[in-house]
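For reference, the structure discussed in these notes is given below.
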Amino acid sequence: MISYRAETAMVPLLMKETVDSSQARTILQTLFVTEADILPDPEHGWLKVRVHRAACPVTDRHCERLFTFLNETETRYPGTSLQMVYELVGPNLENRQNGATPIS
C-alpha cells in the first residue's frame, strides 16, 4: 500500500505531453525494482542513491527528470542530516550504440 501511494504521488512528476498516467506508473514500477547503491557520504552531508540505468534510454531520460526534481527538494534522510542525492549510473545505452566509452 505504501508503494502504491508513493507511486500515485510521483505520477504527476513524470506526466507531460508524451507520457500519460499509465506510462508514468510503468516507469515508476520499473524504477522501484531497479538495483541501486545507497552510499552515505557524511563528509559532504549526502546520502547518494545511485540507480542503475534501465535497458531503455527513454526510461533513463524520464528518471533523470524525476531525479532532478527530487534533488531540488533537498530532502534529508529521516533521522539524519544527510541530504538524499539521486543519480543514474552505469553505461548509457545511447553511448554504447554509438561506440563511445561510458563514464559512470
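The values are calculated or read from the model by the stated rules, or taken from the named source; none is laboratory data. What you are looking at is a predicted structure, and each value in this text was computed from that prediction instead of being measured. In this analysis, Cβ positions are derived from the backbone assuming ideal geometry, glycine residues included, and neighbour counts consider all displayed protein chains.
Observations on the structure shown:
- Considering the stretch 34-56, and only residues there that are in a loop (DSSP other than H, G, I, E, B) and among the small types (Gly, Ala, Ser), the residue that is modelled with the highest pLDDT turns out to be Gly45.
Residue-wise test of (1) out of contact with any helix residue (DSSP H, G or I) (no Cβ under 8 Å at 6 or more places or on another chain); (2) hydroxyl-bearing (Ser, Thr, Tyr); (3) surrounded by fewer than 16 Cβ atoms within 10 Å (Cβ to Cβ).
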| residue | (1), (2), (3) |
| --- | --- |
| Asp37 | yes, no, yes |
| Trp46 | yes, no, yes |
| Ala55 | no, no, yes |
| Val58 | yes, no, yes |
| His62 | no, no, no |
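- Leading residue by the ranking (surrounded by the most Cβ atoms within 10 Å (Cβ to Cβ)) among those in the stretch 1-33 that are part of a helix (DSSP H, G or I) and basic (Lys, Arg): Arg25
- Evaluated against (1) within 10 Å of the chain's Cα centre (by Cα); (2) at positive phi, Gly90 falls short on exactly one condition, (1).
- Enumeration of residues in the stretch 74-104 that are at pLDDT 85 or above, part of a loop (DSSP other than H, G, I, E, B), over 16 Å from Thr59 (Cα atoms) and of a type outside the set (A, V, I, L, M): Glu74, Thr75, Tyr77, Pro78, Gly79, Thr80, Ser81
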